[in-house]
Amino acid sequence: MIKSVIDILDLSTEELEELIKTAQDIISNPDDYADACRRKKLATLFFEPSTRTRLSFEAAMYELGGNVISVSSADSSSAAKGESVADTVKTVSCYADIIALRHPKEGAATVAAHASKIPVINAGDGGHCHPTQTLADLLTIYREKGRFSDLTIGLCGDLKFGRTVHSLINALTRYNNVRFVLISPEELKVPSYVKRDVLKEKGYSYVQTTSLESYMPELDILYMTRVQRERFFNEEDYLRLKDSYILTPDKLTNAKKDLSILHPLPRVNEIAVSIDDDPRACYFKQVSNGKYMRMSLILKLLKEAGRI
Ligand code: NCD
């Protein structure tokens, strides 16, 4: 089977390091990459809303000199007529060289990768995982901190449905001495399969708490997330939980001076806009890092598939 990236663990630690190295080289020497994917096509198949991820994939492909074909909603494609993901992907394999797929169902990207003749990149499958957001997060952590080891990271908000959280935990449990502080309402805790199969299995220390304030002074990284409205079964629960955590400047009084505040975005209410000017706010840097990591990943997968 052609190499696809469905889960962040589909990439070895060495491959992650290589992707980061290439991304940094692209940042320093963009002209060297301007024709790297000439006449190649990326298909972005997005069956769930997206601003950053889809546009970032598309900008990445254009900056590599390639082209893009796109489905930007389920309603505008044959999915609305009942076509299966496998058939859609087999069809798109005839037109494009690589696919980025976002789908509301967990496991859809795995099905797609099995059906596809070209590499598939999971751009988010339901509440499961989102490996390319993790690539953006990792490059941001690397550029801010210069390391992935010896860090205390607070993950705050909707840790149950937040797929970026699940992928980031998976990625960071490959490094030494990473301590996880899992901050969420009771109902939105990290799923037990992530705690059991990832944190406990690999022997990582973590605390679960509902209080952001009490752990703030210990954090090197604070990863805020929005409450994932679209994955709730009823609106009342969402309304009750949506404003559980709102990061305002006063809450940062006891935070480290070199704290890095990350958020995969979109932000709803979780971070006050006044924090955007704080030098510790990294979430818009994360957006731009995401594009470079996607460029790096597209290059790698197209090379391995023998298409460039
Ligand atoms: C995230 C996602 O889609 O999971 N967004 C993104 O890709 N940057 C986070 C979110 O939607 O809350």
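Out of curiosity, is TYR62 more than 22 Å from LEU135 (Cα to Cα), out of contact with any Phe, Trp or Tyr (no Cβ under 9 Å at 6 or more places or on another chain), at pLDDT 95 or above and aromatic (Phe, Trp, Tyr)?
No, not satisfied.
Quick test of your reading of the structure: ARG196 fulfils all but one of (1) surrounded by fewer than 21 Cβ atoms within 10 Å (Cβ to Cβ); (2) under 21 Å from ASP137 (Cα atoms). Name the failing condition by number.
(2)
Find the residue count for segment 78-109, including only residues that are out of contact with any helix residue (DSSP H, G or I) (no Cβ under 7 Å at 6 or more places or on another chain), among the polar types (S, T, N, Q) and crowded, with 17+ Cβ neighbours inside 10 Å.
Within segment 78-109, residues that are out of contact with any helix residue (DSSP H, G or I) (no Cβ under 7 Å at 6 or more places or on another chain), among the polar types (S, T, N, Q) and crowded, with 17+ Cβ neighbours inside 10 Å number 1.
Just one of LEU11, LEU42, LEU16 is under 26 Å from VAL111 (Cα atoms) and touching a helix residue (DSSP H, G or I) at 6+ places or on another chain (Cβ under 6 Å); which is it?
LEU42
In segment 59-71, which residues are part of a loop (DSSP other than H, G, I, E, B), small (Gly, Ala, Ser) and crowded, with 16+ Cβ neighbours inside 10 Å?
Listed by number, the list holds a single entry, GLY66.
So ILE98 clears everything in (1) touching a Ser or Thr at 6+ places or on another chain (Cβ under 9 Å); (2) closer than 24 Å to LEU301 by Cα; (3) away from the ligand (no atom under 16 Å from the Cβ) except one condition, right? Which one?
Failed condition: (1).
I want to confirm something. Restricting to segment 257-294 and keeping residues that are closer than 24 Å to ASN122 by Cα and touching a Phe, Trp or Tyr at 6+ places or on another chain (Cβ under 7 Å), which single residue is surrounded by the fewest Cβ atoms within 10 Å (Cβ to Cβ)?
Applying the filter and picking the extreme gives LEU265.
Wholly within segment 129-222, which helices (runs of 4 or more DSSP H) include no fewer than the required count, namely at least 3 residues that are away from the ligand (no atom under 16 Å from the Cβ) and charged (D, E, K, R)?
By residue number, 131-145.
Take segment 76-99 and flag every residue that is under 15 Å from ARG54 (Cβ atoms) and not aliphatic (A, V, I, L, M).
SER76, SER77, listed by residue number.
Applying the selection to segment 17-59, what residues are of a type in the set (Gly, Ala, Ser) and either without any contact (Cβ under 8 Å) to a residue 24 or more places away in the chain or in contact with a Gly (Cβ under 7 Å, 6 or more places away or on another chain) (or both)?
SER28, ALA34, ALA36, SER56, listed by residue number.
(1) of a type in the set (A, V, I, L, M); (2) in contact with a strand residue (DSSP E or B) (Cβ under 7 Å, 6 or more places away or on another chain); (3) more than 25 Å from ALA36 (Cα to Cα): which one isn't true of ALA79, the others all being true?
(2)
Do the conditions hold for LYS291, that is, is it within 15 Å of the ligand (Cβ to nearest atom) and not in a strand (DSSP E or B)?
yes
Which members of segment 41-56 meet the condition of being farther than 17 Å from CYS129 by Cα and assigned to a helix (DSSP H, G or I)?
Across segment 41-56, the qualifying residues are LEU55, SER56.
Does ILE121 fit the bill of being among the hydrophobic types (A, V, I, L, M, F, W, C), away from the ligand (no atom under 14 Å from the Cβ) and crowded, with 18+ Cβ neighbours inside 10 Å? Break it down stepwise before answering.
Working: among the hydrophobic types (A, V, I, L, M, F, W, C): yes; away from the ligand (no atom under 14 Å from the Cβ): no; crowded, with 18+ Cβ neighbours inside 10 Å: yes.
It is false that ILE121 is among the hydrophobic types (A, V, I, L, M, F, W, C), away from the ligand (no atom under 14 Å from the Cβ) and crowded, with 18+ Cβ neighbours inside 10 Å.
Go through segment 1-21 and count every residue that is within 18 Å of ALA112 (Cβ to Cβ) and part of a helix (DSSP H, G or I).
Within segment 1-21, residues that are within 18 Å of ALA112 (Cβ to Cβ) and part of a helix (DSSP H, G or I) number 3.
The values are calculated or read from the model by the stated rules, or taken from the named source; none is laboratory data. Treat the numbers as computed from the prediction; the structure is a model and nothing was measured. Note that each Cβ is placed from the backbone with ideal geometry, even for glycine, and that neighbours are counted across all protein chains shown.
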